[in-house]
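The values are calculated or read from the model by the stated rules, or taken from the named source; none is laboratory data. Just so it is clear, the model here is predicted, and its values are computed rather than measured. Note: ideal-geometry Cβ built from the backbone for every residue, glycine included; neighbour counts use all protein chains shown. Please note that ligands, DNA and RNA were not included when accessible areas were found on the heavy atoms of the full protein model with its side chains. Shrake-Rupley method; radii C 1.70, N 1.55, O 1.52, S 1.80 Å.
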Amino acid sequence: MNESLTGGCSCRSVRYEITKQPMFVHCCHCHLCQQQTGSAFITHVFTETEHIEFSSGTLKLYEGETGSGKPHQVERCEKCSVAIRSFYHGHKGFCLVKGGTLDNPSSIEPNLHLFTQNKVPWIEIPDGVKVFEGDYDAKEVWPVESFERLMRAIGWYFWV
């Protein structure tokens, strides 16, 4: 990693560091992400749960909703309720760190944008970035090494 990926919540109670290069980064423009963040999209930084270290603060787990209907849990700062990371489909081996909680959110760039069918028209996606109107298949889109990390994190490495 060129730059340390550190971050936290708005009240500065929660502090964390991502200790390994993230597996993947995407921006989701689905309506649920817009509602849950109060913004036009969310940036998700995929990493193995073991590679995010918390140095302070307490997180509280909330059950969330997904478009697929599968389980979605969000860990938020217990004091200010800022969402720090999510766990999807019941998998705890990897998490999606909320890119806006990074100390320097511009230190990461998304590999792709998804659910752009719901994108607000005033957001312009740079040329050369992969765009999906809906969801995507990670096995087809992610770099092989990143996909293998994901499969190991969820215990499905034999599937690769």
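Tell me, which residue of the range 65-80 that is assigned to a loop (DSSP other than H, G, I, E, B) and in contact with a helix residue (DSSP H, G or I) (Cβ under 9 Å, 6 or more places away or on another chain) is surrounded by the fewest Cβ atoms within 10 Å (Cβ to Cβ)? First the steps, then the outcome.
Residues of the range 65-80 assigned to a loop (DSSP other than H, G, I, E, B): 65-71, 78-80.
Filter once more, so that each one left must be in contact with a helix residue (DSSP H, G or I) (Cβ under 9 Å, 6 or more places away or on another chain): 65-67.
Numbers: Glu65: 12, Thr66: 15, Gly67: 15.
Once the filter is applied, the top-ranked residue is Glu65.
How about the range 23-34: which of its residues are at pLDDT below 95 and surrounded by fewer than 21 Cβ atoms within 10 Å (Cβ to Cβ)?
Across the range 23-34, the qualifying residues are Cys30, His31, Leu32, Gln34.
Please work out if Lys20 is open to solvent by 60 Å² or more (accessible area, probe 1.4 Å) and closer than 18 Å to Leu102 by Cβ.
On the way: open to solvent by 60 Å² or more (accessible area, probe 1.4 Å): yes; closer than 18 Å to Leu102 by Cβ: yes.
Yes: the conditions hold for Lys20.
Please find, within the range 41-64, the residue that is farthest from Arg85 (Cα to Cα) out of those that are of a type outside the set (Asp, Glu), open to solvent by 10 Å² or more (accessible area, probe 1.4 Å) and touching a residue at least 60 places away in the same chain (Cβ under 8 Å).
First pass over the range 41-64, keeping only residues of a type outside the set (Asp, Glu): 41-47, 49, 51-52, 54-62, 64.
Pick out the ones that are also open to solvent by 10 Å² or more (accessible area, probe 1.4 Å) and you get 41-43, 46, 49, 51-52, 54-62, 64.
With the extra rule that they be touching a residue at least 60 places away in the same chain (Cβ under 8 Å), the set shrinks to 41, 43, 46, 49.
On the way: Phe41: 15, Thr43: 11, Phe46: 9, Thr49: 10 Å.
Restricting to residues being of a type outside the set (Asp, Glu), open to solvent by 10 Å² or more (accessible area, probe 1.4 Å) and touching a residue at least 60 places away in the same chain (Cβ under 8 Å), the top hit is Phe41.
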